[in-house]
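Asker: Take this structure first; my questions come after.
The values are calculated or read from the model by the stated rules, or taken from the named source; none is laboratory data. All figures in this text were calculated on a predicted structure; none of them were measured in a lab. All Cβ positions, glycine included, derive from the backbone under ideal geometry; neighbour counts span all protein chains shown.
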Amino acid sequence: MDPAAPGVPAGLVAAWVALVGGVVGSFLNVVIARVPAGESIVSPGSRCPRCRTPIAWYDNVPVVSWLALRARCRSCGVRISARYPLVEALVAGVALLAWARHGLAVAALGELVLVSLLVALAFIDLDTWLLPHALTWPLIATGLAVSAAGLGPATLQGAAIGAAVGFGAFALVSVVGEKVLRKEALGFGDVWLLSGIGAWMGVAALLPVVLLASVQGSVVGLVLLALGKGQPGPGQPAEAAGPPAAAVPGDPAALASADDWIPPRNAVPFGPFLAAGALEWLYLGDLIVRGVPSLGIFR
């Protein structure tokens, strides 16, 4: 599909698409910071996490403001994490990629929704070991809705089966693994995430996504272990502490239960690798199949 809008220079459209993606990324930074804390993502507006000073619009321009402020709050001078421009640039790039693949179509918007939810979940899991239902359930619902409208990579039937298998099969892995190995094999937050990936990409994508995530997670874990950085994290994992901790963030009982859990030594959260595997299979699946032809049956 020609991504250019009729009568509008392609460069201008690309700049607008990138700006929209950057704004979405800026909003995702709010989601990443506030959802695990049970705070509203709508009110109050963006503010410095230390001095609580509201951030003016000219200090909230995606990527540009971070560079102009030299990664510091204008009011108190506290350092602003590089994660903020990273998320903004990442989503801006994905918006351009979706536009290049689908043009200015609803399918591109759907793809941006998928990536946005996966990015938010990945960074939340990295920060807090949480995969909150407040995001995994919408991931499942939007995947089914997009598939029902014929705008996603899977048919509605494939999406429904993918969501069911993503949850059922991997919930079984989690329960049986815990009973047999006497330790967590797969957290239930990851199970809900896999259900959402299945709802968006269909049942055939689940195994390649899990394989990609497992290989990459193992490599990163070994590297961290070799560097001596594989230490217990500040976990509050909804996926690991059972049903009470898996409640929507903000529930006092859930957070109290989650506080009792500490990630095992050398552990890394699996959610970011599942998100990465899903995006790799979505965008690089054909290239991956060329390198591993046996995965072609899942395309």
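Asker: Consider residue 52 carefully, then state whether it is in a helix (DSSP H, G or I) and basic (Lys, Arg).
Answerer: no
Asker: Restricting segment 157-175 to residues that are among the aliphatic types (A, V, I, L, M) and buried (at least 19 other Cβ atoms within 10 Å of the Cβ), which is nearest to the chain's Cα centre (by Cα)?
Answerer: Applying the filter and picking the extreme gives 163.
Asker: Being part of a helix (DSSP H, G or I), under 16 Å from the mean Cα position of the chain (by Cα) and of a type in the set (Phe, Trp, Tyr) is the filter here; which residues of segment 89-136 pass it?
Answerer: 123
Asker: Within the bounds of segment 110-129, is there any residue that is over 19 Å from residue 269 (Cα atoms), outside the structural domain of residue 11 (by TED's automatic domain parsing) and surrounded by fewer than 18 Cβ atoms within 10 Å (Cβ to Cβ)?
Answerer: Going through segment 110-129, the residues over 19 Å from residue 269 (Cα atoms) turn out to be 110-114.
This time we only want the ones that are outside the structural domain of residue 11 (by TED's automatic domain parsing), so: 110-114.
Subsequent filtering for residues that are surrounded by fewer than 18 Cβ atoms within 10 Å (Cβ to Cβ) retains none.
No.
Asker: I'd like to know if segment 176-183 contains one or more residues that are among the hydrophobic types (A, V, I, L, M, F, W, C) and in contact with a Leu (Cβ under 9 Å, 6 or more places away or on another chain).
Answerer: no
Asker: May I ask you to list pairs of residues, at least six apart or on different chains, whose Cβ atoms are under 6 Å apart, with the first in segment 66-93 being surrounded by 14 or more Cβ atoms within 10 Å (Cβ to Cβ) and the second being β-branched (Val, Ile, Thr) and in a helix (DSSP H, G or I)?
Answerer: 91/24
Asker: Sticking with this structure for a sec: In segment 60-76, is there at least one residue being in contact with a strand residue (DSSP E or B) (Cβ under 7 Å, 6 or more places away or on another chain), at pLDDT below 95 and more than 19 Å from residue 36 (Cα to Cα)?
Answerer: The answer is yes, given that some residue of segment 60-76 is in contact with a strand residue (DSSP E or B) (Cβ under 7 Å, 6 or more places away or on another chain), at pLDDT below 95 and more than 19 Å from residue 36 (Cα to Cα).
Asker: I'd like to know if segment 43-52 contains one or more residues that are over 25 Å from residue 269 (Cα atoms) and outside the structural domain of residue 29 (by TED's automatic domain parsing).
Answerer: No, that holds for no residue.
Asker: In the list 96, 131, 126, which residue meets the criterion of being of a type outside the set (Phe, Trp, Tyr) and farther than 14 Å from residue 272 by Cα?
Answerer: 96
Asker: Looking at segment 31-39, is at least one residue out of contact with any helix residue (DSSP H, G or I) (no Cβ under 6 Å at 6 or more places or on another chain) and assigned to a helix (DSSP H, G or I)?
Answerer: The answer is yes, given that some residue of segment 31-39 is out of contact with any helix residue (DSSP H, G or I) (no Cβ under 6 Å at 6 or more places or on another chain) and assigned to a helix (DSSP H, G or I).
Asker: Give me the helices (runs of 4 or more DSSP H) completely within segment 196-299, filtered to those with at least 1 residues that are under 16 Å from the mean Cα position of the chain (by Cα) and modelled with pLDDT of 90 or more, ordered by residue number.
Answerer: Output list reads 206-226, 271-291.
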